[in-house]
Amino acid sequence: MTKTNTVLTIPSPMEAGLKEKPYPTIIPGFVIVDVAIAPVCNESRIYRDHQFEWHDSPEHLGHEGVGTIVETADGSKYEVGDRVIIFQGNSCQACFVCTTGLSPTHCLGIPYEGFDEGMAPQDVTAGLLGIEKVNGSESGGFGMQRYRIAPEHMIMKLPDELSFEHAAAGNCTVGVGYTANEEAGVKAGDVVIVGGVGFIGLGMITAALHRNATVVVLGRQPYRMDLCRQMGVAAIIDPDDDDWLEQLHAITGDRRGADVAFECSGAPYYLDKCFEGLRRYGTLFSAGHAGSQKYSLSILNDLIDRHIHWTGGHDVRFRDRSGLIRMMLDPAVQRNIEILNTHSFPMSEASEAFEVGLSKNCGKIYLRPAE
Ligand SMILES: [Zn+2]
Ligand SMILES: [Zn+2]
C-alpha cells in the first residue's frame, strides 16, 4: 500500500473534512514531521467565513504545530525521532530581518507591499505553499496535516522534559506572547493591560505574569474571564463600566495609566480602550486584527501629545526561540498553558473543534492529526 498524507480541508463554509494526498517528498534543508498537535488559530474563522489569508486555501490550512521527525534529507542536522516545534513559514535566511534575528513573518521574501497587485502564494517561497513548491511535493506544507514538511531553520528541538501539550502553545499563543512582551519591554512591577482576550490574549497574559507584571484584563466574555481569573491576573475590568478608567487608575497609581497595553482582538472598541488606558509614553502592542480594516486616530491627541509607542506583530522572533522554550519549562507557565488549552480534538472531528472556537467558550484548541 502506498503511504499517503491525511490533510484537513474546508471545502465550503461550515464544512470540514479529511482528504488523502500523496505522502510528502523533501529536498535537503527540510524534514518530515509526524504532527502530534496542530493548534487551531485562524481556522475557526475560515470555517465560518471561507475567507482565506494569503497563505491558506481550502486544502492548505494550519501553520502551528509540534511533532516527531520521521524523515530527514542528506546533510540534515536533525535525526529521525527528534521532537520539535515548527515555526511558520520558510523565511529567506538572507534579508536583514532574517539575519538580525527578527520575525520570519516579516521576512522580505514575503511581498506584503505587493498585496494590491495580487500575490500568488505558491510563488512566495517564504510562505507555506512555497514549501510544497520548492520540495516538488503534493502535500505537507501546512500544519493541519498528518505529515508536515518543515524547513530545518524553522524548527527547534524540544527538551525531553517538555511535553507536546505544553510546547504546542509556543506558536501563536505563548510564543507570540513571549516576543510581544520582549519587544514591549515588559518588566517586573509594570502594569500591563490586555484587551480583547482570545487565545492570543491568554498567551500575552501568560508571558506577562511570567515577568512578574501586574496584569489587568479588559474584557467581558464570561468563559474567558474565568480562565483569566484562574491564571492569576490582578484584576478584570469590564470596559463597559462607566468608571472603568478610574478602576484602572486605582491600580496604576500616579502614573495614571498602564505601562503597556496588548490589544488582541483588532476591534476598534478595544483599541480605543487600550489607547485610553495607557500612561504617557506607554506602549501599545497590537496582536489582533480584523483583516485590512482601517482604524482612525488623532496623530496629535492620541500619539504625539501622549507620546504613545504603537507597534504590532504576531510571530516569534528567531532570537526569542530559546528564551521561549525556557519559559515553557517553568512550572507556573505550564500550569497556565494547561488552563488556557481548554479543548483537544482528533483532526477527524475538526468541525466540532471549529464550532467550539466560534462559540468563544474556549481558550486554545488543539487538533490531533493522527486521530
Ligand atoms: Zn497561528
Ligand atoms: Zn528573510
Revision key, fill the gap. Scanning segment 297-325 residue by residue, those within 16 Å of ligand 2 (Cβ to nearest atom), outside any helix (DSSP H, G or I) and basic (Lys, Arg) turn out to be 317
Practice item. Determine, yes or no, whether residue 53 is in a loop (DSSP other than H, G, I, E, B), charged (D, E, K, R), buried (at least 22 other Cβ atoms within 10 Å of the Cβ) and within 16 Å of ligand 1 (Cβ to nearest atom). Key: no
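Limited to segment 18-50, what total is found for residues that are surrounded by 14 or more Cβ atoms within 10 Å (Cβ to Cβ) and not in a loop (DSSP other than H, G, I, E, B)?
Let us first name the residues in segment 18-50 that are surrounded by 14 or more Cβ atoms within 10 Å (Cβ to Cβ), namely 18-19, 21, 23-26, 29-48, 50.
Retained after the next criterion (residues that are not in a loop (DSSP other than H, G, I, E, B)): 18-19, 21, 30-39, 43-48.
Matching residues across segment 18-50 total 19.
Yes or no: residue 77 away from ligand 2 (no atom under 16 Å from the Cβ) and either in contact with a Ser or Thr (Cβ under 6 Å, 6 or more places away or on another chain) or not in a loop (DSSP other than H, G, I, E, B) (or both)? Spell out the reasoning first.
Working: away from ligand 2 (no atom under 16 Å from the Cβ): yes; either in contact with a Ser or Thr (Cβ under 6 Å, 6 or more places away or on another chain) or not in a loop (DSSP other than H, G, I, E, B) (or both): no.
Against the criterion (away from ligand 2 (no atom under 16 Å from the Cβ) and either in contact with a Ser or Thr (Cβ under 6 Å, 6 or more places away or on another chain) or not in a loop (DSSP other than H, G, I, E, B) (or both)), residue 77 does not qualify.
Restricting attention to segment 89-96, does a residue exist that is of a type outside the set (Asp, Glu), within 16 Å of ligand 2 (Cβ to nearest atom) and in contact with a strand residue (DSSP E or B) (Cβ under 7 Å, 6 or more places away or on another chain)? So that I can check it myself, show each step before the final result.
Residues of segment 89-96 that are of a type outside the set (Asp, Glu), as a first pass: 89-96.
From the residues that got through so far, the ones that are within 16 Å of ligand 2 (Cβ to nearest atom) too are 89-96.
Pick out the ones that are also in contact with a strand residue (DSSP E or B) (Cβ under 7 Å, 6 or more places away or on another chain) and you get 90.
Within segment 89-96, one or more residues are of a type outside the set (Asp, Glu), within 16 Å of ligand 2 (Cβ to nearest atom) and in contact with a strand residue (DSSP E or B) (Cβ under 7 Å, 6 or more places away or on another chain).
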Review point. Out of 305, 320, which single residue is of a type in the set (D, E, K, R), surrounded by 14 or more Cβ atoms within 10 Å (Cβ to Cβ), within 28 Å of residue 290 (Cα to Cα) and at pLDDT 95 or above?
Key: 320
Practice item. Test residue 62 against the stated conditions and say whether it is away from ligand 2 (no atom under 16 Å from the Cβ), assigned to a loop (DSSP other than H, G, I, E, B) and closer than 20 Å to residue 134 by Cα. Key: yes
Point to revise | Residue list for segment 203-240, filter: in contact (Cβ under 8 Å) with a residue 60 or more places away in the chain and of a type outside the set (A, V, I, L, M) | key: 203, 206, 210, 221, 223, 224, 230, 232
Check your understanding: strands (runs of 3 or more DSSP E) wholly in segment 192-281 with at least 2 residues that are within 21 Å of the chain's Cα centre (by Cα), of a type outside the set (S, T, N, Q) and not assigned by TED's automatic domain parsing to the domain that holds residue 321 - which ones?
Key -> 214-218, 258-263
Practice item. Filter segment 68-90 for residues that are at pLDDT 95 or above and either within 16 Å of ligand 1 (Cβ to nearest atom) or under 13 Å from the mean Cα position of the chain (by Cα) (or both) and give the result. Key: 85, 86, 87
Study note, to complete from the structure: Selection from segment 137-159 of residues touching a Ser or Thr at 6+ places or on another chain (Cβ under 8 Å) and of a type in the set (Phe, Trp, Tyr) yields 147
**Study point:** The listed residue being of a type in the set (A, V, I, L, M, F, W, C) and more than 16 Å from ligand 2 (Cβ to nearest atom), out of 128, 202
**Key:** 202
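The values are calculated or read from the model by the stated rules, or taken from the named source; none is laboratory data. These numbers were taken from a predicted model, which means no experiment stands behind them. FYI the Cβ positions are ideal-geometry reconstructions off the backbone, even for glycines, and counts take in every protein chain you see.
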